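Q: Have a look at this one before I ask anything.
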Amino acid sequence: MTRLLSSFRFWIGLGFGLMILAACQPAPLLRTASVAPDLLTPDADGRNDVVSIRYALGRNAVVSIYFLGADGVPHYFRREQPRPQGDYEVLFNGVVENQLLPDGRYTWVVEARDEQETAQITGTLVVSGSNPQPLQITGFSVSPPEITPNRDGLSDRATINVCVNRPAQLAVYLEGADGVRYPVPRKEVQLRKPGEPGCHVFDYDAGVDRGQEPPPDGVYTVYAIAEDTLGLRDVVTGTLTIREGGVPRAEILNGQVEFRSNISSGTGDYIPVPLGGFLYFTLTVHNYGSVPIRTSGPPPGTCYDMNQTFNAPQPGRPEGWAEESGAWRVGIDFDTSLRNYPFRWAVGRPEDLETRMIDGRPYYYLPAGRTALVTGCIRITQVPPRNPLYFWAGLIHEDVEIAPLNNRVDPHRVLIEGP
């Protein structure tokens, strides 16, 4: 009986010892790994475009996932990535280091290591239907390299051309030294649709056309990024300099215009002007913005006949003064005029303005914060269908806008006294 009890105790002790020993053994480092299906066709047709890579870690480990081709060179999908114990799944679409794996038979390897050991599980993956041509931006330009986005009609915007060799989505943006990004919209009207291969045009006005303040002056990096449905990317960069950026702002000071004729100062209900006489005006333009405003002639003091317009020949200017996109001018209009503000003048005298030579041609600017007196006259050569009638002033930003506060400013009633 004593021997039986001793034997029983021995086996009980041995069992407990084995259980303790088993409990002390570490869990397998890499418990399982699989890739399914074993065929990958990365052609974006919706079938076998991705495979699922699953693996399970029994302990914390550093994980690498790579593919070995016939040449034995590893193509890393994940490289030396720390992962805690647990189960994992990741989708693989054939893109390794921003390139598609070429067609062929590959050995896939899931590898885990810690301080004690390295474990691997392998299998086979066939890649078929891969596009060997890498996604590439084949053309890129920024023109001009410097812009002055202040709506003066000169170098206000940049055109960015991006050409791509395969179908891809394109994104273009500016990035400053502070890391702030400014997206550049794609030009709406062009031959190609978004995503098509070929050249695409992006148009950057720095937001000024929408009345927004542009980015601060400085040198910006221009990024063009192409990305296809598989996640392949290509990036190119250039530079764009912004100078004198800002929303132009000017007004007829205090909204006041002084009208008078050659026979009356116009202090009554109306200003009398004899047929053949002159209607004079005086007003002040104030540039209250942060950027200079460009202007064009004729100079203050010019006199028009009532049947003329600013396009009419002037002394020393036989071609007249056509509208200029981005230029500011003072205009005078009246009730029965056949066109909008037919009489126009520069917003200051030559001595009030700053002259700049651009591409060999002089341009004239009223500096920020400055005011200028503008005068002019109209010789009344005919009695209009409506008499008396109203005359008023405006401040015109040609081919841009006539702001409400600068339109139909201070109307005065005028009576033309005919024979």
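The values are calculated or read from the model by the stated rules, or taken from the named source; none is laboratory data. From a predicted model like this one, the values you see are computed outputs, not experimental measurements. Neighbour counts are summed over all protein chains in view; Cβ atoms, including those assigned to glycine, are modelled from backbone coordinates with ideal geometry. When the accessible area is computed, the model is the full protein with side chains, heavy atoms only, and any ligands, DNA or RNA have been set aside. Shrake-Rupley method; radii C 1.70, N 1.55, O 1.52, S 1.80 Å.
Q: Given the Cα atoms of the range 238-332, and with Rh set as the inverse mean 1/r over their pairs in the Kirkwood sense, what is Rg to Rh to two decimals?
A: On the way: Rg = 17.7 Å, Rh = 16.3 Å.
Reported Rg/Rh, Kirkwood definition of Rh: 1.08.
Q: Could you run the Karplus curve 6.51 cos²θ - 1.76 cosθ + 1.60 with θ = phi - 60° over the range 165-174 and give me ³J(HN,Hα) per residue in whole Hz, x for Gly and Pro?
A: 8, 9, x, 6, 8, 10, 9, 10, 8, 9
Q: Let me ask another. Take the Cα atoms of the range 169-212, build their convex hull, and give its volume per residue in Å³. Show your work: numbers first, answer last.
A: Details: hull volume 3.7 nm³, N = 44.
Cα convex hull per residue, to the nearest whole number: 83 Å³.
Q: Could you state, as a whole-number percent, how many of the C-alpha pairs of the range 104-171 are farther apart than 13 Å? Numbers along the way, then the final one.
A: Values: 1791 of 2278 pairs.
In whole percent, the share of Cα-Cα pairs in the range 104-171 beyond 13 Å is 79.
Q: Right, next: Read phi for every residue in the range 72-88 and hand back ³J(HN,Hα) as whole Hz from Karplus 6.51 cos²θ - 1.76 cosθ + 1.60, θ = phi - 60°, with x for Gly and Pro.
A: x, 7, x, 10, 7, 8, 10, 9, 6, 9, x, 9, x, 3, x, 9, 9
Q: Which ³J(HN,Hα) values, rounded to whole Hz and listed in residue order, are derived for the range 333-339 from phi using the Karplus coefficients 6.51, -1.76 and 1.60 in 6.51 cos²θ - 1.76 cosθ + 1.60 with θ = phi - 60°, glycine and proline given as x?
A: 10, 8, 4, 9, 5, 7, 9
Q: Leaving ligands, DNA and RNA out of it, report the carbon-plus-sulfur percent of the accessible area of the chain at a 1.4 Å probe. Walk me through the numbers on the way to the answer.
A: Numbers: 11210 of 21710 Å².
Answer for the chain: carbon and sulfur cover 52 percent of the accessible area.
Q: Also, I was wondering about something else. How large is the charge dipole for the chain, taken about the Cα centre, if only the Cβ atoms of Lys, Arg (+1) and Asp, Glu (-1) carry charge, to the nearest 20 debye? It would help to have the intermediate numbers written out before the result.
A: Details: 37 positive and 48 negative charges, 161 e Å.
Its charge dipole is roughly 780 debye.
Q: Additional query: Please report the net charge: other residues with Cβ closer than 14 Å to the Cβ of ARG370, K and R +1, D and E -1. Let's see the in-between values first.
A: On the way: positive: ARG249, ARG294, ARG349; negative: GLU251, GLU351, ASP352, GLU354.
Here the count lands on -1.
Q: With a probe of 1.4 Å, find how much accessible area the chain has per residue, and write the answer as a whole number in Å². Working shown, then result.
A: On the way: 21710 Å² over 419 residues.
The answer is 52 Å² per residue.
Q: Which label marks the calculated value of mean projected area of the Cα convex hull in nm², given the options (i) 21.2; (ii) 20.1; (iii) 37.5?
A: Calculated mean projected area of the Cα convex hull in nm²: the matching label is (iii).
Q: Using r as the Cβ-Cβ distance of GLN382 and GLN169, and R0 as 41 Å, what FRET efficiency do you calculate, to the nearest 0.05?
A: Numbers: r = 62 Å, r/R0 = 1.51.
For R0 = 41 Å, the calculated efficiency reads 0.10.
Q: Which cross-chain or sequence-distant (5 or more) residues have an amide H under 5 Å from the amide H of ARG151, H modelled 1.01 Å from N in plane?
A: When sequence neighbours closer than 5 places are left aside, there are no close amide H contacts.
Q: Something else: Grab the DSSP H runs of the chain that are 4 residues or longer, score each as -39,500 (n - 2.57), total them, divide by all residues and round the 222 nm result to the nearest 500 deg cm²/dmol. Let's see the in-between values first.
A: Working: 1 runs with 23 residues, N = 419.
Mean residue ellipticity at 222 nm (helix-derived): -2000 deg cm²/dmol.
Q: Which part of the range 154-178 falls in the paramagnetic zone of SER325, meaning amide N under 16 Å from the point 7 Å along Cα-to-beta-carbon?
A: What the label zone holds, given the 16 Å backbone N cut-off, is 154-160.
Q: State log₁₀ I(q)/I(0) for the range 282-419 at q = 0.17, 0.21, 0.22 Å⁻¹ as given by the Debye formula over alpha-carbon point scatterers of equal weight, solvent excluded.
A: -0.93, -1.37, -1.48
Q: Please determine, in degrees from 0 to 90 and to the nearest 10, the orientation of helix 2-24 with respect to the longest principal axis defined by the Cα atoms of the chain, where the helix direction is its Cα long axis.
A: 20
Q: To continue, here is another question. Percentage of Cα-Cα pair distances in the range 187-306 greater than 24 Å, rounded to whole percent?
A: Details: 4278 of 7140 pairs.
Percentage above 24 Å: 60.
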